[in-house]
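Quick notes on the structure that follows.
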Amino acid sequence: MKANDRFQASCKRVGYQPDIQFFPEGTKTASDAAAAVGCDVGQIVKSLVFLADNQPVLLLVSGKNTVDQDTIKLLLNAESFEMAKPEIVRSHTGFAIGGTPPFGHIQPMQTIMDEDLDAFDEVWAAAGTPNSCFPISPTELRKIAGATLATVKPTNT
Ligand code: 5CA
């Protein structure tokens, strides 16, 4: 099954119908996605996998922010915290970097959502491939992803 269809199927299992939209110009990065959708880069959801003490953790991050790894490490009370390698992202989520959706993964993971996403009425996330996105309200995103809200960016910026 193609990645978009796998994402769609996993959404169906939780009773969610994503309005998947395709962008031939590509949505691989947050800035690509914002340009394609025509929205603020802050409204793009980056779905990033990290390893905290070797356990996968998913961070849903606003496209305008970078993750302060020390803050998240402290929040999780972890001894080690690092970004997962592409093959780990694929084996845990079932999707490749650049198309990783925020939920519907092979292995559900502890999920933290950037509180800055909550400032928007609508945000856009990847739908399984680097040329597709879907809109969702931050409230619904948090609910379906089972995410906890947190400050993920450096607090001194
Ligand atoms: N489709 C877009 C917007 S929805 C998207 O998926 N953006 S993303 O930010 O979630 O995915 C790209 C991110 O993957 C980059 O921001 C970067 O943090 C991460 N990434 C890129 N290359 C690697 C790599 N080699 N190892 C780990 N993470 C990587």
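Every number here is computed from the coordinates shown, using simple stated rules; none is lab data. In this text, all values refer to a predicted model and were calculated from it rather than measured experimentally. Quick reminder, even Gly has a Cβ in these numbers, built from the backbone with ideal geometry, and neighbours come from all protein chains shown.
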Close pairs from the range 133-155: first surrounded by fewer than 19 Cβ atoms within 10 Å (Cβ to Cβ), partner among the acidic types (Asp, Glu) and assigned to a loop (DSSP other than H, G, I, E, B), Cβ under 7 Å, at least 6 apart | PRO135/ASP19; PRO135/GLU122; SER137/ASP121; SER137/GLU122; LYS153/ASP68; PRO154/ASP68
Would you say LYS28 is in a loop (DSSP other than H, G, I, E, B) and of a type in the set (D, E, K, R)?
-> yes
Within the range 100-110, can one find any residue that is more than 21 Å from GLN17 (Cα to Cα) and not aliphatic (A, V, I, L, M)?
-> yes
Filtering the range 81-108 for residues that are assigned to a loop (DSSP other than H, G, I, E, B), touching a helix residue (DSSP H, G or I) at 6+ places or on another chain (Cβ under 8 Å), surrounded by fewer than 19 Cβ atoms within 10 Å (Cβ to Cβ) and of a type outside the set (Val, Ile, Thr) leaves a count of 3
Evaluate the range 57-68: report whether one residue or more is assigned to a strand (DSSP E or B), buried (at least 17 other Cβ atoms within 10 Å of the Cβ), near the ligand (Cβ under 10 Å from one of its atoms) and free of Cβ contacts under 8 Å to residues at least 24 places away in the same chain.
-> no
Can you give me the number of residues within the range 124-140 that are near the ligand (Cβ under 9 Å from one of its atoms), touching a Phe, Trp or Tyr at 6+ places or on another chain (Cβ under 9 Å) and outside any strand (DSSP E or B)?
-> 3
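Can you name the residue in the range 72-123 that is in contact (Cβ under 8 Å) with a residue 60 or more places away in the chain and more than 22 Å from PRO138 (Cα to Cα) and is also nearest to the ligand (Cβ to nearest atom) among such residues?
ALA96
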Identify, please: which residue in the range 7-47 is β-branched (Val, Ile, Thr) and within 24 Å of THR139 (Cβ to Cβ) and is, among those, surrounded by the fewest Cβ atoms within 10 Å (Cβ to Cβ)?
-> VAL14
Pairs with Cβ under 7 Å, 6+ apart, first in the range 1-19 and in a helix (DSSP H, G or I), second β-branched (Val, Ile, Thr) = ALA3/THR129; ASN4/ILE20; ASN4/THR129; GLN8/ILE20
Selection from the range 35-51 of residues in contact (Cβ under 8 Å) with a residue 40 or more places away in the chain and more than 7 Å from the ligand (Cβ to nearest atom) yields ALA36, VAL37, CYS39, ASP40, GLY42, GLN43, VAL49
